[in-house]
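The values are calculated or read from the model by the stated rules, or taken from the named source; none is laboratory data. Bear in mind the structure is a predicted one, so any value in this text is a computation, not a measurement. Neighbour counts run over all protein chains shown; Cβ positions are idealised from the backbone, glycine included.
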Amino acid sequence: MSDTPPVPEGRLHPVTLALRDFADIFGRMGFGVAYGPELETEWYNFDALNIAPDHPSRDMWDTFWIKDPERGRPPSGGSNDSVKTAPGEERKLLRTHTSPVQIRALEKHGAPIRIIAPGKVFRNEATDATHEAQFYQLEGLAVGEGITLAHLKGTLDRFVREYFDASAKLRFRPSYFPFTEPSVEVDMWFPAQGKWLEVMGAGMVHPKVLENAKVDPAKYQGFAFGAGIERLMMIKYGVPDARLFHSGDIRFVYGFDEKPL
Amino acid sequence: MKISRAWLLKKYLDKQSLEDDLGNGSDAERLADDFTFHAFEVEGYTDDLLDVKVLPNRAADCLSHRGLAKELSAIRGIPLKRDPLREPVPSFPRANALTVEIEDPTKCPRYISAVVKGVTVGPSPSWLREALEAVGQRSINNVVDATNYVMLDIGQPLHAFDAAKLAGKEGRYAIGVRGATKGEKFTTLSGEEYALPEGALLITDAQRNLPIGIAGIKGGKAAEVTEATTDLVIESANFDGPSIRRTAQALALFTEASTRFQNKPSPGLAAYGMRDVLALITDITGGEVIGVVDEYPAPAPAYPPVRVSLARINGLLGRRLEGMAPVTDVFSRRFGFYCVAAGETIIVTPPFERTDLAIPEDLVEEVGRILGYDSIPSVELPPMGEPDQARFRGIERMKDQLIEQGFTEVSTQSFAPKGDVMLANPLDKTKSMLRTSLEDGLADALTKAREYAPLVLPPNAKPKLFEVGSVFPKEGEYLELRMTETAWKGVPAHDNLSKAKLEDYGKDYEPKRYKLGMYKPFSQYPFIVRDVACWVPADTDEASVGELIRKHAGDLAVRLDRFDTFEKEGRTSYAFRLVFQSFERTLTDDEVNAIMEKVYAALKEKGYEIR
């Protein structure tokens, strides 16, 4: 009589497990989970977020543009000629951040709203151990009456205490994003590393963004934040290279001891 | 922006006041902290040099020593020793020797041009050379250095042309500002030739219609200042930010000047730039200002005052400032803005250089950052109803079902060699399309997974993979679930989750949760697999046999699995699989065979029979 061990359960990708952690932590603070397309329009990715065409702030996001098969010519010298569309037609791109989901969620549900929007984003930049052209972002948005920068701090404080370490601490530094005013950069003190680490950008939603999403900025206000999920996981689990995450390599998926909770 | 601490202290900030101020210092570390927590991140510093990452919305005024000194003055609450932007602009003699023709004033709102005669071009005085070298600039000659110094000092880009290389007509020079014609070429100061995009803004010698500079980006060889130059035509202008940015992008030519212009500095700054550069050039080159032309067809209106209430400030920051005093202190005393307080509202008139202050929220940010974000309390959101996570849970429920069936989730790249949607600017030209399905990515992952399976899976498990990801066929983007084989008889190995009723499927489901340990990197070297089976007495514990094998297999055995066992005639057979791998090198068969001999010897010594 032969006895072979049963075939074990498979493994979830570590990003999936991180999303479950985020959904749980933010869910207990009243945040739903929202989605948006990866192939976005220029309006949702830039204009609606108060990022004007030909404005240098667009340089903050190196963009993959979609070629129009009818009118397209190969691009030359950084010019976007080949993606120009007919009047009234929108240029398409791969979303450079999950912030367009802010607009889509506000348009669909209005205010008050609390959502996180995890998803894949794309940046046209050379890859190295800390930069991947494709990665996941965690967007957060809370809009309502009387939501303040202090609430942003309280929400993120709780997030880092629950996700990272009960003694993790946050600090805000001034920053600039066209879609938030004021804008802050968020650093975290993670005791395991004993230093301040930049973990996300955040701020109070710019009134123009609310207007663009047909929400009355005189009545509603709120905060938004955006964090790189792989970066958070690299900090938490000591993953040395961002390129491991989406390599399709099962050695990475099995590179963690896993215990059911 | 690289700034010199010595430059700040010499010109703008009193060292004594910096040090007296509440025990704060004037050393680079203290200044770096002040910038980082109240204005802009400092990316690095030495004793004298600070590299300040000026944010895009402040590039119009803070890519300058003056702008950054002003920030420190507001942060510390100490006055500037002097502020060149608050000092008057003298009136210059009008130049009869010069005309300026602007083809399209929307592209060039302002162009100030000056004729200076009788200069002696030569090395800069040591203070000037040292100031430039302190911030990593190369000293060229006194004229070019003067233009660079003033730009780094107050932020206005400037340029000097050799007047003798322009075609004077009856002793008059003519400067033109026009768009490039189709196919027009240009040779820069450093000798590179550029094919200009049509409409790129050019500075020309209008008498000959000859380009002498790419406006707001770089000067040309044609009117270069050299040791032989005696007469200058100097430019202090304002160009349309988006046009400069487009040209700089098209030419891949980003310069100190283009970086400043693309951020739309105020046209007002040009007058201060001209004032300072003329003062410096006449001082150090011995020249004389013959005349100045200020072509400013539609002077920019002053920015309208911005009004914000105390309630709005507290309501957005979530802090409780008691009364207007701290607000007035920020805008009036620290920034020195013209302010009118009306009850619990303040009306601030931004000075011309602060192009970023336009709405009440901009003022809220100034209060927030100057007083410091560390004083914002941490407050939890009030409770809100049950959040909607149904779709998310539906997706996660699908994944949990597959895990139970022994599938492993992978994540692959969205770019592919074939597809329906093409990138205009791919990073990798061999993968310039978006995937239409997860199929190919998963097939590649499976090939690799089969190769690596012995490292991560027990011997009797074969890798089965799945992925959930967006795909982009010509019918439109959707979320695909795909497996490398079917999980349930009769159920296809792929599904369109964008059409599935995930909300219903997920609304009451709690996704499984796991705690992960720290990441354990894998070795890049090949591995070697060996099986061993032996007969042991029936009452022998499997773990003790495994233990014995592990002990004698040593550290190079990275995995040990018992994959078979059966009993016969009072004896038990155990079959184990060992995987050997090193983090440092490729193992040889001989080396692994030698280890296995040790394992066999140990088993035999116990009286076990190797099968």
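Scanning the stretch A:116-143 for residues that are closer than 23 Å to A:LYS219 by Cβ and facing chain B (nearest Cβ under 8 Å) returns a single hit, A:ALA142.
For beta carbons closer than 7 Å, sequence separation of 6+ or different chains, a first residue in the stretch B:32-50 that is within 12 Å of another protein chain (Cβ to nearest Cβ) and a second that is part of a loop (DSSP other than H, G, I, E, B) and surrounded by 19 or more Cβ atoms within 10 Å (Cβ to Cβ), the qualifying pairs are B:PHE40/B:VAL54; B:PHE40/B:LEU55.
When the residues of the stretch B:434-460 are narrowed to those that are touching a Lys or Arg at 6+ places or on another chain (Cβ under 6 Å) and more than 8 Å from chain A (Cβ to nearest Cβ), which ends up nearest to B:PRO526 (Cα to Cα)? The selected residue is B:PRO459. Residues in the stretch B:54-102 that are touching a strand residue (DSSP E or B) at 6+ places or on another chain (Cβ under 8 Å) and closer than 15 Å to B:ASN238 by Cβ: 2 in all.
So which of B:GLU380, B:GLU396, B:GLU366 ends up being out of contact with any Phe, Trp or Tyr (no Cβ under 6 Å at 6 or more places or on another chain), touching a residue at least 24 places away in the same chain (Cβ under 8 Å) and not assigned by TED's automatic domain parsing to the domain that holds B:LYS431?
Working: B:GLU380 fails: touching a residue at least 24 places away in the same chain (Cβ under 8 Å); B:GLU396 fails: not assigned by TED's automatic domain parsing to the domain that holds B:LYS431.
Result of the check over B:GLU380, B:GLU396, B:GLU366: B:GLU366.
Scanning the stretch A:243-261 for residues that are crowded, with 22+ Cβ neighbours inside 10 Å, at the interface with chain B (Cβ under 7 Å from one of its Cβ atoms) and among the aromatic types (Phe, Trp, Tyr) turns up just one, A:PHE245. Taking the listed residues B:VAL529, B:VAL545, B:VAL536, the one that is at pLDDT 95 or above and over 44 Å from the mean Cα position of the chain (by Cα) is B:VAL529, with no other qualifying. The conditions of being part of a loop (DSSP other than H, G, I, E, B) and hydroxyl-bearing (Ser, Thr, Tyr) are met by B:THR120. Looking only at the stretch B:488-516, filter to residues that are assigned to a loop (DSSP other than H, G, I, E, B), within 25 Å of A:GLY248 (Cα to Cα) and facing chain A (nearest Cβ under 10 Å); which one of those is modelled with the lowest pLDDT? Filtering first and then ranking leaves B:SER498.
Residues that are in contact with a Ser or Thr (Cβ under 7 Å, 6 or more places away or on another chain) and either of a type in the set (A, V, I, L, M, F, W, C) or under 14 Å from B:GLU380 (Cα atoms) (or both) do not occur anywhere in the stretch A:124-132. Taking the criterion of being free of Cβ contacts under 8 Å to residues at least 24 places away in the same chain, surrounded by fewer than 17 Cβ atoms within 10 Å (Cβ to Cβ) and away from chain B (no Cβ under 12 Å), the residues of the stretch A:168-214 that qualify are A:GLY194, A:LYS195.
Given the criterion under 26 Å from the mean Cα position of the chain (by Cα) and assigned to a helix (DSSP H, G or I), identify the matching residue among B:LEU18, B:LEU31, B:LEU9.
Numbers: B:LEU18 fails: under 26 Å from the mean Cα position of the chain (by Cα); B:LEU9 fails: under 26 Å from the mean Cα position of the chain (by Cα).
Answer to the check: B:LEU31.
Filtered by the rule that a residue be within 13 Å of chain A (Cβ to nearest Cβ) and touching a residue at least 60 places away in the same chain (Cβ under 8 Å), the stretch B:527-555 gives B:PHE527, B:ALA533. Scoring B:LYS464 on the criteria (1) at pLDDT below 95; (2) at the interface with another protein chain (Cβ under 8 Å from one of its Cβ atoms) leaves a single failure, condition (1). For B:TYR519, the conditions (1) under 30 Å from B:ARG530 (Cα atoms); (2) within 7 Å of chain A (Cβ to nearest Cβ); (3) part of a loop (DSSP other than H, G, I, E, B); (4) touching a residue at least 24 places away in the same chain (Cβ under 8 Å) all hold with the exception of (4). Against the list (1) within 21 Å of B:THR484 (Cβ to Cβ); (2) modelled with pLDDT under 95, the condition B:ALA416 fails is (2).
Mind listing whichever residues of the stretch B:164-218 are assigned to a loop (DSSP other than H, G, I, E, B) and among the hydroxyl-bearing types (Ser, Thr, Tyr)?
Going residue by residue through the stretch B:164-218, those that are assigned to a loop (DSSP other than H, G, I, E, B) are B:166-168, B:170-171, B:180-184, B:189-192, B:196-200, B:206-209, B:215-217.
Hits for the stretch B:164-218 are B:THR181, B:SER190.
Note on the stretch B:359-374: residues that are more than 9 Å from chain A (Cβ to nearest Cβ) and either within 17 Å of A:ALA218 (Cα to Cα) or at pLDDT below 95 (or both) total 1.
For the stretch B:461-486, a residue qualifies if it is in contact with a Lys or Arg (Cβ under 7 Å, 6 or more places away or on another chain), more than 18 Å from A:PRO6 (Cα to Cα) and assigned to a loop (DSSP other than H, G, I, E, B), and the qualifying residues are B:PHE472, B:THR484, B:GLU485.
How many of the residues in the stretch B:357-394 are surrounded by fewer than 21 Cβ atoms within 10 Å (Cβ to Cβ) and charged (D, E, K, R)? So the count comes out to 5. Could you grab me the full set of residues in the stretch B:400-433 that are part of a strand (DSSP E or B) and facing chain A (nearest Cβ under 7 Å)? Within the stretch B:400-433, B:THR408, B:GLU409, B:MET422, B:LEU423 meet the criteria.
In the set (1) in contact with a helix residue (DSSP H, G or I) (Cβ under 6 Å, 6 or more places away or on another chain); (2) hydrophobic (A, V, I, L, M, F, W, C); (3) under 12 Å from A:PHE225 (Cα atoms), A:LEU170 fails one condition alone, (3). B:ARG391 meets each of the listed conditions (1) without any contact (Cβ under 8 Å) to a residue 60 or more places away in the chain; (2) closer than 27 Å to B:ASP504 by Cα; (3) at the interface with chain A (Cβ under 9 Å from one of its Cβ atoms) apart from (1). Return yes or no: is B:PRO79 outside the structural domain of B:GLU130 (by TED's automatic domain parsing), closer than 24 Å to B:PHE352 by Cβ and in contact with a Pro (Cβ under 8 Å, 6 or more places away or on another chain)? So B:PRO79 does not fit the description; no. Within the stretch B:133-147, the residues that satisfy the criterion of being closer than 18 Å to B:ALA6 by Cβ, in contact (Cβ under 8 Å) with a residue 12 or more places away in the chain and surrounded by fewer than 22 Cβ atoms within 10 Å (Cβ to Cβ) are B:ALA134, B:VAL135, B:GLY136, B:GLN137, B:SER139.
Condition check ((1) buried (at least 18 other Cβ atoms within 10 Å of the Cβ); (2) in contact with a Phe, Trp or Tyr (Cβ under 7 Å, 6 or more places away or on another chain); (3) of a type in the set (Ser, Thr, Tyr)) across all residues:
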site: B:ALA39; (1), (2), (3): yes, no, no
site: B:ASN57; (1), (2), (3): yes, yes, no
site: B:LEU72; (1), (2), (3): yes, no, no
site: B:GLY77; (1), (2), (3): no, no, no
site: B:ASP83; (1), (2), (3): no, no, no
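Looking only at the stretch A:13-45, which residues are without any contact (Cβ under 8 Å) to a residue 40 or more places away in the chain and either acidic (Asp, Glu) or part of a loop (DSSP other than H, G, I, E, B) (or both)? The answer is A:ASP24, A:ARG28.
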